[in-house]
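Have a look at the structure below before the remarks.
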Amino acid sequence: MILRTLGVAGSAPRPDSPASTYLVQVPADAVAAGIASGVVPPDVAVRDWNVVVDLGSGGLGYLQRHVSLHALDAVALSHLHPDHCADLSGLYVHLKYHPELGYASTGVPPHLPVYGPADVAERAGAMYGLHPGESMHEIYDFRTWTDGAGVRIGPLVITPRPVFHPVEAYGLRVDGPSTLRPGAAAVLAYTGDTDYCDTVVEVARDADLLLAEAAFVQGRDDAVEAGIHLTGARAGRVAREAHVSRLVLTHLPSWTDPAVVLAEARAEYAGPSCLATPDGCKEL
Ligand SMILES: [Zn+2]
Ligand SMILES: [Zn+2]
């Protein structure tokens, strides 16, 4: 499994990064090795798989560096704040109106699966400015998360758990074949946006890599009400309690010093930890 941290900025894009946008890729050879070892069901197509996890403001640009927008297998949204889903509008335009490959030219509806909270279809349509009676259903096949119900996307299974944020929001646990250890299974855990809670620790339990937001800073943000974001320290606590193998911090806004957040996390978690970099790559 390859994790591309395309956009790592929190709350809005930064000068150096789009907002939250990640691409999870499984190359064909990892699918084949997974089928041979039993980690992947035998009916999964042996090809490259590409799943977008959150698609925040600006992320669509970096996404095109790595995959054709017409070769995506699904979009999985942690929640519907714009820094996690705003570029659904641009992707819709691309899939519908691309002069050669768009639905308006080919007549073939892409029906790209888009997983998200209960009102994902309505919110995506409103964001784009659909008129009453219009829908995005030829382009997007909207599907809603159910707590604990894993969804299979080719060689991957994504399991959502509700987390602690002001809107309906999920942490996502992604099970799939390892590329570092061909034939073995690997787990990527993603917090989405959340304050510390029991479910985010469950999402992260024994994960090979925990991608954790760390938007807040100890001291500076102590007066903010509970239920919004992790600090570096809270992300480190989740990593420690969940016994993850690696911690990668993300969703840092432009006003936060990354070194401060990373130091907080390292005071709580003794395992390997680092900051996610824009258009960066981690293998697991
Ligand atoms: Zn956010
Ligand atoms: Zn949010």
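The values are calculated or read from the model by the stated rules, or taken from the named source; none is laboratory data. What you see is a predicted model; the values in this text were computed from it and never measured. Counting neighbours? That spans all protein chains shown, and the Cβs are built from the backbone with ideal geometry, glycine included.
Here are some notes:
- Members of segment 72-121 that are under 19 Å from ILE158 (Cα atoms) and of a type in the set (A, V, I, L, M): LEU72, ALA74, VAL75, ALA76, LEU77, LEU80, LEU112, VAL114, ALA118, VAL120
- Within segment 240-254, the residues that satisfy the criterion of being crowded, with 24+ Cβ neighbours inside 10 Å and away from ligand 1 (no atom under 15 Å from the Cβ) are VAL244, LEU247, VAL248.
- Screening the candidates ASP54, ASP48 for the property of being away from ligand 2 (no atom under 16 Å from the Cβ) and either touching a helix residue (DSSP H, G or I) at 6+ places or on another chain (Cβ under 7 Å) or within 21 Å of LEU130 (Cβ to Cβ) (or both) yields one hit, ASP48.
- Which listed residue is more than 24 Å from ALA12 (Cα to Cα) and modelled with pLDDT under 95, from GLU134, GLU138: GLU134
- Single condition VAL167 does not satisfy, out of (1) surrounded by 13 or more Cβ atoms within 10 Å (Cβ to Cβ); (2) within 16 Å of ligand 1 (Cβ to nearest atom): (1)
- Test: residue in segment 33-51 that is more than 15 Å from ligand 1 (Cβ to nearest atom), within 23 Å of HIS79 (Cα to Cα) and touching a residue at least 40 places away in the same chain (Cβ under 8 Å): yes
- Residue count for segment 184-239 under the criterion of being crowded, with 24+ Cβ neighbours inside 10 Å, more than 16 Å from ligand 1 (Cβ to nearest atom), without any contact (Cβ under 8 Å) to a residue 40 or more places away in the chain and part of a helix (DSSP H, G or I): the result is 2.
- Some residue of segment 67-81 being surrounded by fewer than 19 Cβ atoms within 10 Å (Cβ to Cβ), within 15 Å of ligand 1 (Cβ to nearest atom) and outside any loop (DSSP other than H, G, I, E, B): no
- Any hit, segment 242-256, residues being over 29 Å from GLN64 (Cα atoms), touching a strand residue (DSSP E or B) at 6+ places or on another chain (Cβ under 9 Å), part of a helix (DSSP H, G or I) and β-branched (Val, Ile, Thr): no
- TYR196 vs. criteria within 16 Å of the chain's Cα centre (by Cα), aromatic (Phe, Trp, Tyr) and within 16 Å of ligand 2 (Cβ to nearest atom): no
- Residues satisfying the stated conditions in segment 240-258, i.e. without any contact (Cβ under 8 Å) to a residue 40 or more places away in the chain, of a type outside the set (Ser, Thr, Tyr) and under 30 Å from THR179 (Cβ atoms): ARG240, HIS243, ARG246, LEU247, LEU249, PRO258
- Whichever residue in segment 122-150 is acidic (Asp, Glu) and loosely packed, with under 14 Cβ neighbours inside 10 Å and, among such residues, is nearest to the chain's Cα centre (by Cα): ASP147
- Selection of segment 25-46 for residues being part of a helix (DSSP H, G or I) and over 26 Å from GLY280 (Cα atoms) yields ILE35, ALA36, SER37.
- ASP119, sole failed condition from (1) among the charged types (D, E, K, R); (2) crowded, with 17+ Cβ neighbours inside 10 Å; (3) under 18 Å from GLU134 (Cα atoms): (2)
- Check on VAL174, of a type in the set (A, V, I, L, M, F, W, C), closer than 26 Å to THR231 by Cα, assigned to a loop (DSSP other than H, G, I, E, B) and modelled with pLDDT of 95 or more: no
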